[in-house]
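**Student:** Structure incoming, see below.
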Amino acid sequence: MLAHQEMFPTPQQVHPSVNSKWKRLLDIIGALVGLTIVGILIIPVAIAIQLDNPGPIFYSQIRCGLYGRTFRIWKFRSMIVGADKLKHLVSNQAKGNIFKNRNDPRITRVGKFLRKTSLDEFPQFWNVLKGEMSLVGTRPPTVDEVMEYESHHFQRLLVKPGITGEWQANGRSHVEDFEDIVKLDLAYQEKWSCFYDILLICKTIAAVFNKQGAY
């Protein structure tokens, strides 16, 4: 737990999605389907990654989840080996506590395809199955991002982080101002229902197939 735990709600004030059995059931079903797809794709994806930039198939990073609790997130590697150490050489084109660069030179050729199709996110279904993430929620921030949060930013951590969410479904990478992301995350918390989760999942799938906004 991060040092800002006093900003999080008491157990009586938790967001209803946190303890929803229907949301958890949807997560488990979705995670099992997603991991089945991962099992089918892992060999060709692994070969493509190795031919393009030899190294680990998976990339992992410590992120902050519900109430700021840290966990290790998993993705297919879309950047060159050692990309984290080169981050300081790449300019941040986003505003606020989020990092984005439309032409990040660390992204490999295969990585661009994986990101465009969101296939790089598929290993996160393992995080969903473990209960660390949900199919739908907020983008899980890095520890250094959270350390720069202002008071109102912590409200976005009152629900589980998701593979997709309000801003991914309705803007994806076109949303580059962190304050706009926070507004979308808080709007999701207000509108949340299991049906709304299903709607956002459908919108995300449509956005991916239409190749809208990812880089």
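**Student:** Return the total of residues in segment 154-167 being part of a helix (DSSP H, G or I), closer than 22 Å to Gln124 by Cβ and open to solvent by less than 30 Å² (accessible area, probe 1.4 Å).
**Tutor:** The number of residues fulfilling the criteria is 4.
**Student:** Another one. Kindly indicate the residue of segment 174-193 that is buried (at least 16 other Cβ atoms within 10 Å of the Cβ) and in contact (Cβ under 8 Å) with a residue 40 or more places away in the chain and also farthest from Ser134 (Cα to Cα) among those meeting that condition.
**Tutor:** Glu176
**Student:** Now, a different point. Could you please tell me which pairs satisfy a Cβ distance under 7 Å, a separation of 6+ or placement on different chains, a first residue in segment 71-96 that is in contact (Cβ under 8 Å) with a residue 60 or more places away in the chain and farther than 27 Å from Lys130 by Cβ, and a second residue that is open to solvent by less than 80 Å² (accessible area, probe 1.4 Å) and assigned to a strand (DSSP E or B)?
**Tutor:** Pairs that qualify, where the first residue is in contact (Cβ under 8 Å) with a residue 60 or more places away in the chain and farther than 27 Å from Lys130 by Cβ and the partner is open to solvent by less than 80 Å² (accessible area, probe 1.4 Å) and assigned to a strand (DSSP E or B), are Lys95/Asp177; Gly96/Asp177.
**Student:** Another question about this same structure. Looking at (1) of a type in the set (S, T, N, Q); (2) more than 16 Å from the chain's Cα centre (by Cα); (3) more than 25 Å from Tyr188 (Cβ to Cβ), find the lone condition where Gln155 falls short.
**Tutor:** Every condition holds for Gln155 apart from (3).
**Student:** Still on this structure, I have one more. With the checklist (1) outside any strand (DSSP E or B); (2) within 30 Å of Leu25 (Cβ to Cβ); (3) of a type in the set (Ser, Thr, Tyr) in hand, flag the one item Ser60 doesn't pass.
**Tutor:** It fails just one condition, (1).
**Student:** Of all residues being of a type in the set (A, V, I, L, M, F, W, C) and in contact with a helix residue (DSSP H, G or I) (Cβ under 9 Å, 6 or more places away or on another chain) in segment 46-57, which is surrounded by the fewest Cβ atoms within 10 Å (Cβ to Cβ)? Just the residue, please.
**Tutor:** Once the filter is applied, the top-ranked residue is Leu51.
**Student:** Right, next: Given the conditions (1) closer than 26 Å to Asp185 by Cα; (2) in contact (Cβ under 8 Å) with a residue 24 or more places away in the chain, and given that Ile49 satisfies all but one, which numbered condition is not satisfied?
**Tutor:** All conditions pass for Ile49, except number (1).
**Student:** Consider segment 87-145. How many of its residues are assigned to a loop (DSSP other than H, G, I, E, B), farther than 30 Å from Thr36 by Cα and open to solvent by 40 Å² or more (accessible area, probe 1.4 Å)?
**Tutor:** Residues flagged as assigned to a loop (DSSP other than H, G, I, E, B), farther than 30 Å from Thr36 by Cα and open to solvent by 40 Å² or more (accessible area, probe 1.4 Å) within segment 87-145 amount to 8.
**Student:** When residues of segment 12-33 are filtered for being open to solvent by 80 Å² or more (accessible area, probe 1.4 Å) and either at pLDDT below 50 or part of a loop (DSSP other than H, G, I, E, B) (or both), how many remain?
**Tutor:** 2
The values are calculated or read from the model by the stated rules, or taken from the named source; none is laboratory data. All values reported here derive from a predicted model rather than from experimental measurement. Glycine gets a Cβ as well: all are built from the backbone with ideal geometry, and neighbour counts include every protein chain shown. SASA here: full protein model, heavy atoms, side chains in, ligands and nucleic acids out. Shrake-Rupley method; radii C 1.70, N 1.55, O 1.52, S 1.80 Å.
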